[in-house]
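The values are calculated or read from the model by the stated rules, or taken from the named source; none is laboratory data. Bear in mind the structure is a predicted one, so any value in this text is a computation, not a measurement. Positions of Cβ are generated from backbone atoms using ideal geometry, with glycine treated the same way; all protein chains shown enter the neighbour counts.
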Amino acid sequence: MSIAEKAFLGSLMKAEYLLKDTLIKPDQLESTKHKELMRSMVDYHQCGKTIDLISLTTLPNLDSFGGMSYLSELLSYGDVERFEIIEKMILDLWKEREKRNILTIASYNDWDISKVITSLDKINQSRIDDHTSLHHALSSIYEAPWEDQEIIHNATTGIKKLDEVTGGFQNGEVTILAARPSMGKTDVMLHFAKMAGWDGYLPLVFSLEMPEKLITKRLIASTGSFNRTKMRDPKNMLTTAQKNKWSNVIHELNETNIHIFDGAGQTVAEMRAKTRKMIHQFPNKKPIIFIDYLTLISSSESYGGNSHLQVTEISKSLKMMAKDFDCHVICLAQLNRSVETRANKRPMMSDIRESGSVEQDADVILFLYRDAYYDKDTQDRSLEIIVSKNRNGPVGFIKVKYNEHTGGIEDLKE
């Protein structure tokens with residue numbers, strides 16, 4: 001019988017206050033006898049009774065627990081000072097049993113793979129090691145006024161002024177990039193992905209709408225400054241000079257180490273599993289996650305077709321993924337048609353579909369706007385990136401040079 005469980009129950013008997021604080025539930029213990037004993041302890045505690053050795057001898061079913069001698073044995077294993085370590089051991093053992101159990105049930109009932117991944121992910125999200133005392137936090141910053149500040153290297157956006165406003169893509173945060181269709185969302189996302197890749201990050205692109213072949217062609221077109229229409233038939237449509245440039249463009253893009261996952265209707269749990277796999281495959285690179293786009297992500301439940309609840313779940317899951325992997329998540333979003341009915345068509349927060357939870361959970365919200373999209377005669381070919389929310393800095397807008405034929409994005413010359 002598990003020594004960790006004996007030490008756990010013995011510690012509860014030694015220090016009753018631990019029962020109120022522990023995250024372990026009776027069902028997370030392996031031994032049936034230990035489960036029942038902890039349930040009895042919880043019942044006693046709720047009735048205002050103490051749960052020390054003497055009180056527990058009054059249990060009506062004491063013999064089924066091994067009597068007074070077994071309770072004394074448990075008490076001898078108790079170790080209050082090591083309780084957190086014991087607690088973590090029990091949680092880890094429970095996770096392993098639950099994983100085996102889920103895989104057995106999934107195999108027997110022929111579960112869909114996404115259901116298996118979601119179930120496994122729920123187990124992994126049980127955490128007890130997210131605590132830092134302020135004393136510890138303060139001691140680590142105590143010498144700050146006399147020390148050179150460690151430079152935290154965030155992934156660049158590849159746009160100088162946007163980096164100045166946001167500080168780049170910071171770990172543990174979520175950026176929502178929203179615009180009307182054909183405004184340039186995917187091109188901006190791929191620009192971010194390339195720049196992060198050249199910056200040494202591991203860009204993971206989850207394209208829920210556009211197939212990998214189209215993404216790859218877009219990357220080649222924007223990097224080589226090729227007109228996208230020519231990518232339909234490079235042999236006959238590219239010029240000799242462009243063909244000579246081709247192998248250099250391919251080599252440059254290889255350096256980004258971008259990985260594309262183009263399965264439709266992926267869940268956040270599936271994305272987490274794929275991200276975890278890539279982290280193991282490239283242990284020296286920090287991932288940065290791109291998702292195209294929000295309302296195409298499948299939620300783990302149908303919520304009776306309530307899209308607001310679905311988006312709320314997905315939005316919170318994206319934030320949790322960013323925190324758990326300590327990486328940045330950039331998710332594209334569509335805007336409501338209501339923006340088209342206004343005289344000023346620059347987007348606002350309320351234009352994001354099911355905007356409430358997205359607005360709350362995102363750390364940065366960027367909107368895209370082009371005058372040329374609405375006024376074909378304008379000479380202004382720039383793209384506005386509107387920083388509408390920025391948890392760690394100012395809001396405002398940045399103009400960049402955008403070539404809608406190649407998908408290329410550059411800083412505007414001063």
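What to note about this one:
- Note on the stretch 34-49: residues that are at pLDDT below 85 and either under 34 Å from the mean Cα position of the chain (by Cα) or within 14 Å of Y77 (Cβ to Cβ) (or both) total 0.
- One residue from T216, T239, T223 being surrounded by fewer than 14 Cβ atoms within 10 Å (Cβ to Cβ) and more than 29 Å from R337 (Cα to Cα): T239
- S64 satisfies every condition listed in (1) touching a helix residue (DSSP H, G or I) at 6+ places or on another chain (Cβ under 8 Å); (2) over 20 Å from P26 (Cα atoms) except (2).
- Selection within the stretch 1-39: residues that are out of contact with any Pro (no Cβ under 9 Å at 6 or more places or on another chain), without any contact (Cβ under 8 Å) to a residue 24 or more places away in the chain and of a type outside the set (V, I, T). The member of this set that is surrounded by the most Cβ atoms within 10 Å (Cβ to Cβ) is P26.
- When F206, F192 are screened for being part of a helix (DSSP H, G or I), at pLDDT 90 or above and either assigned by TED's automatic domain parsing to the domain that holds V358 or farther than 30 Å from R342 by Cα (or both), only F192 passes.
- V80 vs. criteria over 30 Å from D121 (Cα atoms) and surrounded by 12 or more Cβ atoms within 10 Å (Cβ to Cβ): yes
- Of the residues making up the stretch 304-351, those that are farther than 19 Å from F206 by Cβ and of a type in the set (A, V, I, L, M) number 6.
- The stretch 376-414, residues that are in a strand (DSSP E or B), surrounded by fewer than 16 Cβ atoms within 10 Å (Cβ to Cβ), out of contact with any Asp or Glu (no Cβ under 9 Å at 6 or more places or on another chain) and not small (G, A, S): E410, D411
- For the stretch 369-388, a residue qualifies if it is hydrophobic (A, V, I, L, M, F, W, C) and either within 17 Å of V174 (Cα to Cα) or not assigned by TED's automatic domain parsing to the domain that holds N344 (or both), and the qualifying residues are I385, I386, V387.
- In the stretch 69-95, the qualifying residues are those that are small (G, A, S) and touching a residue at least 12 places away in the same chain (Cβ under 8 Å), and the one that is nearest to L29 (Cα to Cα) is G78.
- Any hit, the stretch 138-152, residues being at pLDDT 80 or above, more than 23 Å from S317 (Cβ to Cβ) and out of contact with any Cys (no Cβ under 9 Å at 6 or more places or on another chain): no
- Considering only residues in the stretch 231-241 that are in contact with a helix residue (DSSP H, G or I) (Cβ under 7 Å, 6 or more places away or on another chain) and assigned to a helix (DSSP H, G or I), the one that is farthest from L318 (Cα to Cα) turns out to be M237.
- For the stretch 113-137, the candidate set comprises residues that are within 22 Å of the chain's Cα centre (by Cα) and outside any helix (DSSP H, G or I); within that set, the residue that is modelled with the highest pLDDT is T132.
- Scanning the stretch 19-30 for residues that are modelled with pLDDT of 85 or more and over 16 Å from D92 (Cβ atoms) yields one hit, P26.
- Flag for F226 being within 25 Å of D363 (Cβ to Cβ) and either touching a strand residue (DSSP E or B) at 6+ places or on another chain (Cβ under 9 Å) or modelled with pLDDT of 85 or more (or both): no
- When D121, D112 are screened for being crowded, with 16+ Cβ neighbours inside 10 Å and among the acidic types (D, E), only D121 passes.
- Any hit, the stretch 295-309, residues being among the aromatic types (F, W, Y) and touching a residue at least 40 places away in the same chain (Cβ under 8 Å): no
- Residue check, Y374 modelled with pLDDT of 80 or more and farther than 26 Å from D163 by Cβ: yes
- Scanning the stretch 377-398 for residues that are under 29 Å from the mean Cα position of the chain (by Cα) and among the charged types (D, E, K, R) gives E384, K389, R391.
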